[in-house]
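One structure is given here, and the rest of the page talks about it.
The values are calculated or read from the model by the stated rules, or taken from the named source; none is laboratory data. Everything numeric in this text was worked out from a predicted model, so none of it was measured. Note: accessible area is taken over every heavy atom of the protein model, side chains too, but ligands, DNA and RNA are not part of it. Shrake-Rupley method; radii C 1.70, N 1.55, O 1.52, S 1.80 Å.
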Amino acid sequence: MTWLRDVLDDVAHHAPQVDLTERTIGIRRRRRRRTTSIVAAAAVVAVALGVTTAVRLQRAQPRPAAAPGAVTDLPARGVGPLSHAFMTFCRPEGGKAPAGCVNGGWRVVTRGGKTYRVARALSGSPSKLRPSPLAISRNGRKIAYYDTKAGTFAVRDLASGKVTTAPAKVPTAWLGSIAHLLLSDDGRFLAFTKSPALKDPAMLFDMRERMARPLPNGWNPIGLSPDGDTITLAEYAPKTRLQTITRLWQTSTAGNSTTVDVAGDYSIGALGPDGHSVVAVESVNAGVVGCMRSGPDLVHLDRKTGKALRKVPVRGLSMTANQVYLRGWTGPHEITALATPLVCHERDDDAPASDLDPPYVPFTAYAVNVETGVARKLATYTAQGFFHLVLPGFPGTL
């Protein structure tokens, strides 16, 4: 199976659950006694008391308890920094969908373990080739997504609840079949690219100044300077390439572009915090058609020439026994590697197609020192694919 099918079929599933506390209504019955010898008056009082009691009993019924594991929509404000986000598909093979599952819907998980739905984010649909990208800022305090009501992208500050929409509409037809978002640390800049290379432009938005600049289609944004004036992108098909565009906001066009070929087939991580370091993992044929495994080393690439500068063997993470993708940086010398055990199956084109989603598999995040190659475990997630599991500081895919 090609990487495109993997991208379109991969889905995410479990996350920490949220317990919802139900509040009950206290009742206080008031009894009124009236002494009178008039039978008719006593009967009227008895009827009145019966009606009052019935009303109060009706109001006293507790609300139905929330389903176990149910999640709520993002509250108006006060959400803490995120650890990750994942997409839910509701017919997983060999597993159970999470409570309240929304097919193709996004959920975000805070570092404290609280899970929320992003109700206004577009729902993805691999079967309809409709992507729904979501990105998290490196500090975990902001998210970007396609807002269905606004008809364009939005950036949300999780603490304040402030939502800023992009200065231009983006029809869903412009999203292509694979879409990428890259959000700056401060939430001011948002890069949107997509594949295939449609005629409709990819764009870089300045959310504060309400401006936009065109970007090339078919590329994946991997780095953005703090002032938004320089962007670095990677392309993987038909071959691996790097592109750097400068002076984006100093010219009326798309700026000055430099493109270099990379010798080999690589998966490239986010641009380093220094704005220059590019680290990659080589993709190697595993001996089964369409199945690729990771090379044993981290490879430092020259952003200006595309040449491999040096290789660093990884320790503490078996690169060859896993499929490994690089994500964002955890510090000046460590990059996140997301790994899952490598499983290759012979392809049977005559087998009937299943309408179920892929099964759950473990994904473990490691912080890998790019100088020494030493890897340390960060966290393990359960998901159905790499590209429906989003970590802070790296382009959100699909």
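Surface composition of segment 153-292: carbon plus sulfur atoms contribute 53% of the solvent-accessible area (1.4 Å probe, protein chains only, all chains present). Couplings 3J(HN,Hα) for segment 355-368, derived from phi with the Karplus relation 6.51 cos²θ - 1.76 cosθ + 1.60 (θ = phi - 60°), are 9, 8, 7, x, x, 6, 9, x, 10, 10, 9, 10, 9, 10 Hz, where x marks Gly and Pro. Under 24 Å of direct C-alpha separation, and excluding same-chain neighbours fewer than eight residues apart, Lys377 reaches these lysines: Lys114, Lys311. Here's how it looks for Met292: its modeled amide H is under 5 Å from those of Ala286, which are all 5 or more places away or on a different chain. Solvent-accessible area of His333, all protein chains in place: 100 Å² (probe radius 1.4 Å, heavy atoms, ligands and nucleic acids excluded).
Estimated at the nearest 10 Å², the accessible area of Ile143 is 0 Å² with a 1.4 Å probe. Surface analysis of segment 90-234 yields an accessible area of 39 Å² per residue, using protein heavy atoms and a 1.4 Å probe.
Around the amide H of Ser177, modelled in the peptide plane, lie the amide H atoms of Ser195, all under 5 Å away and 5 or more residues distant in sequence or on another chain.
For Leu215, the accessible surface of its heavy atoms amounts to roughly 10 Å² (probe 1.4 Å, protein chains only, rounded to the nearest 10). Once C-alpha pairs closer than 8 Å and six or more residues apart are averaged by separation and normalised to the residue number of segment 180-308, the relative contact order reads 15 percent. Remark: segment 263-398 carries 46 Å² of accessible area per residue (probe radius 1.4 Å; ligands, DNA and RNA excluded). Residues whose amide H falls under 5 Å from that of Asn139, counting only those 5 or more places apart or on a different chain, are absent, with hydrogens built in the peptide plane.
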